[in-house]
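Here the structure is laid out as structure tokens; the discussion comes afterwards.
Only the coordinates and a few stated rules stand behind these numbers; no lab work does. None of these values were measured; they are calculated from a predicted model. For neighbour counting, all protein chains shown are included, and Cβ atoms are generated from backbone atoms with ideal geometry for every residue, glycine included.
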Amino acid sequence: MVSFLSKLRFAWEYLVQGKHRLSDASPMPGSNYAKPDERLMTFLLNMYREHGASAVRIGNWVCVDEGRLFTRADHFDHRQHPKSLVLQADFVTVTQQGRHIIESFAGIGENLNLALADACKSFQDASFHALFVTLLSRPCGHVDRDVWTIGGIRRNVTFGWLRMRGAFPTDLWPPIFEGLQKYTESLPLESGLHWARYFYCHIPSQEPTVEVMIDNETSEVLQTHAAGLPWPQTNEFYSVRLFLVIQDL
């Protein structure tokens, strides 16, 4: 655990003495985002520390491992229902090269605090560990790793845990995953860091919600492909989310 004096010393050296300067390619992130939520910021700060990274609060950001990444989070779009509050929480991770990775999650709970806790758990399970391993080069047992040939080039792929809600029959996941791999490997990605999010939501008697994001941008082609995979057509609600990070070998 990082002591209070260590945190104070780091903040002093960073802000005043300039000992922990970021490279020119990785400046301090700008302030184009709304003010972050303090509860979410405390969650991010503690989560990185609990996983063995150094983390300090600098303005509206959490600075991790002396600037190897910055992170922040906020929530909005509150929808009050008779027995629950539903909101959207955005977790922003900025890489050392200045890439902004934005992961959005629904938070559901009886009140604001419980809804935020639900969103935090989703982020930690689905995305955090993959980002922790790939961006900080730190070990973690909560990810799966493989080598895929994407756009004709062999690349490292790191997955967070499969995040599920509702009654999804997990024994039917393997052929769906094989299809996601096939379509991901067809992408003509340039070399370097990339990330992808697959989301499928099944509500009986309604059209499914399918979302595929590549580097924060919607991929209409992959969404069409993903919608055609053998998703279970059950009489119960379920949703599935998979996040992965793609890197050069």
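What to note about this one:
- Protection proxy ranking, peptides 160-169, 100-109, 134-143, average beta carbon neighbours within 10 Å, highest first: 100-109, 160-169, 134-143
- Calculated FRET efficiency, Ser186 to Glu110, Cβ-Cβ distance, R0 = 41 Å: about 0.40 to the nearest 0.05.
- ³J(HN,Hα) computed for each position of the range 61-68 - Karplus, 6.51 cos²θ - 1.76 cosθ + 1.60, integer Hz, glycine/proline x: 10, 9, 9, 10, 6, 6, x, 5
- Reducing the range 146-172 and the range 235-249 to their Cα centroids gives an inter-centroid distance of 6 Å.
- Model label sites at Ala117 and Asp77, defined 7 Å from Cα along the beta-carbon direction, differ in position by 2.4 nm.
- Point-to-point label distance, Gln206-Glu178, nm (Cα→Cβ direction, 7 Å offset): 3.1 nm
- Taking Ser186, Ser127, Ser219 and counting other C-beta atoms within 10 Å, the order from fewest to most: Ser186, Ser219, Ser127
- Shape call, the range 41-140: gyration tensor on alpha carbons, a/c limit 1.5: prolate
- Ordering of 145-154, 55-64 by packing [mean C-beta count within 10 Å, highest first]: 55-64, 145-154
- Normalising the average separation of contacting C-alpha pairs (under 8 angstrom, six or more residues apart) by the number of residues puts the relative contact order of the range 53-155 at 16 percent.
- Listed values [x] 19.4; [y] 22.3; [z] 18.9, entry calculated as Kirkwood radius over Cα pairs in Å: [x]
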